[in-house]
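Notes for the one structure printed next.
Nothing in this text is a laboratory measurement; each read-out follows from the coordinates by a stated rule. Note that the structure is a prediction, hence the values are computed from the model and not measured. So basically every Cβ, Gly included, is an ideal-geometry build from the backbone, and we count neighbours across all protein chains shown.
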Amino acid sequence: MKKVRHYLFFIGITAISALASSCSGSGDDPVTEQIVPSNLIVSVEVLGVGASNLNGDGSGIVNFTASATKAVNYGFKFGNELEIKEPSGTIQHTFTTVGTNAYNVTVTAYSSTDKRINVVKTVTVYVQDSAQQVLPSNLLVNIEVIGVDNNKPYGDGSGTVNFSATAADAVSYGFIIDGQTEQLSANGNFQHVFNNKEGIDKHEITVKAYSSTNNFINKSETIPVSYYIGKPPFWADEFFENGTPNSANWNYNLGAGGWGNQEVQTYTSNSENVIVENGVLKITAKSNGSGGYTSARIKSENLFEFTYGIVEVRAKLPAAQGTWPAIWMLGANFDSVGWPTCGEIDIMEQKGWDKNKVLGTCHWSNNGNYAGYGLDTTVSNTSSSFHIYKLEWTEGGSIKFFVDNQQYFVMTTNASMPFNKDFFLILNVAMGGTLGGTIPGNFTQSSMEIDYVRVYQ
């Protein structure tokens, strides 16, 4: 009996030992085996697909992009070809069989433990026989902006543009406007109305000429076009061209000297003080770090001068204390008769110590004596939001001042006042002086931004 019990105990120990060995040996870890990819997504881009090339441009080039959860590698198998591994999940393949053919592409996602899932994508691709390719040539594009003349170089404000394209061996044409969907034309004639944004803006135009074998050549061009709701302005600057202000519209006052108001800035034409960027004019007052200040003052004197009309200026004002921004006009006879005899109309001024109000004022000479009359109005967020500062100047009647189309001041005029002749426009930011006041010691810079200036008659 003792021998039998000993034998049975030995067998039990051996079985337990074998079990332990199977769990701790070199075989697969049950936890590791659970890493399996999921959510395999495959995107396919056949090169050159468009309205006239539903299955590609004939090159046979197709881009594949695969992604999957817990995947570390991807395999691509094109028909009977060997699988190609690509860890990034992105691969480009060129099909070479001439004609339009459907291909099955197997895409596999692999985990770190070599577990895998796959999908099969069917791709239809057009491959052109190089011997049969016809390529257009001599693409010519005529662009007609409706209403262009010497006074309206960007059109009549309707935004309408006619395109006409011709090319040798072309059977159709495509027009792409500002990167939007291509529009096809059999005869090369196309019309487009640019009406997304009021004002003057630049637009990117690409014209394609297609052959009978869907080969194409293309030409791109940038054109400025004006569009306005209702009556277009008599004169405008929309500041759509980056760089220095348009020299056909503006020149500069330069230098220091207080400008009759104890101002402390020096006016320059430097880009750090005046520049057009991203559709706005920026006039920036700056500290030079040594107790001095620079800024800019531009004017339309001898370039654009007018009598009576509506002036609209969309602007955002400088936030810093001590800055004195102004949108205003002087009589065109300033050089000959001086101030205030020439007359002055301040469409908008702002005191350096009160950034929640703006002023509208008229200045003139009354029988040799200075005369001035104006009012202020409260405007919120003058430095963080654009507002429209507007003047209505009528013959023998009145001068009215508005903010965001809300009238806040009107001055009645008569023939004895100098407000019945040509004036020119001025835009500037002064520092200190009678309306700028005290400049903080920590002042560095602050800008007035102007979206547009428009004059209606």
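Within the shell defined by Cβ-Cβ distances under 13 Å, the residues around residue 92 carry a net charge of -2, with Lys and Arg each +1 and Asp and Glu each -1. Could you check the simple spin-label distance between residue 259 and residue 288, using points 7 Å along Cα→Cβ, in nm with one decimal? Going by the 7 Å Cα→Cβ label model, 1.6 nm.
Once percent of Cα pairs over 28 Å apart is calculated for the structure shown, the corresponding label among (i) 60; (ii) 55; (iii) 68 turns out to be (iii). Phi angles across region 108-116 convert, under the Karplus curve 6.51 cos²θ - 1.76 cosθ + 1.60 with θ = phi - 60°, into 3J(HN,Hα) values of 10, 9, 10, 8, 5, 9, 6, 6, 8 Hz, Gly and Pro given as x. A simple spin-label model places pseudo-atoms 7 Å from Cα toward Cβ; at residue 183 and residue 137 they are separated by 3.1 nm. Of all lysines in the structure, the ones whose alpha carbon falls short of 30 Å from that of residue 85, not counting any fewer than 8 places away in one chain, are 70, 77, 115, 121. Here the calculated FRET efficiency for residue 203 and residue 445, from their Cβ-Cβ distance with R0 = 30 Å, stands at 0.35, rounded to the nearest 0.05.
Arranged by the count of other C-beta atoms within 10 angstrom, fewest first, what order do 267, 370, 408 take? Mind dumping the intermediate values first?
Working: 267 24, 370 11, 408 16.
Taking fewest neighbouring Cβ atoms as first place, the list is 370, 408, 267.
Each of 189, 50, 405 was scored by the projection of its Cα onto the charge dipole of the chain, and the greatest displacement toward the positive side belongs to 50; charges sit on the C-beta of Lys, Arg, Asp and Glu.
First select every other residue whose beta carbon is under 13 angstrom from the beta carbon of residue 304; then total the charges, Lys and Arg +1, Asp and Glu -1. Before the final figure, lay out the partial values.
Working: positive: 299, 454; negative: 237, 301, 305, 422.
Summing Lys and Arg as +1 and Asp and Glu as -1 gives -2.
Taking trypsin sites (Lys or Arg not before Pro) that fall in a DSSP loop and have at most 14 other Cβ atoms within 10 Å as cut points, what is the longest piece of the chain between them?
On the way: sites that count: 197, 421.
Of all site-free stretches, the longest is 198-420.
Just tell me which lysines come within less than 19 Å, Cα to Cα, of residue 208; anything on the same chain fewer than 8 places away is out. Cα-Cα hits under 19 Å: 219. When only alpha carbons are used to place a centre, region 379-394 and region 76-129 end up 61 Å from one another. Placing R0 at 45 angstrom, the Cβ-Cβ distance between residue 114 and residue 59 gives a FRET efficiency of 0.80 after rounding to 0.05.
Measuring against 23 Å, Cα to Cα, the residue pairs 197/286; 282/421; 231/357; 152/202; 197/351 contain 197/286; 282/421; 231/357; 197/351 as the ones spanning a longer distance.
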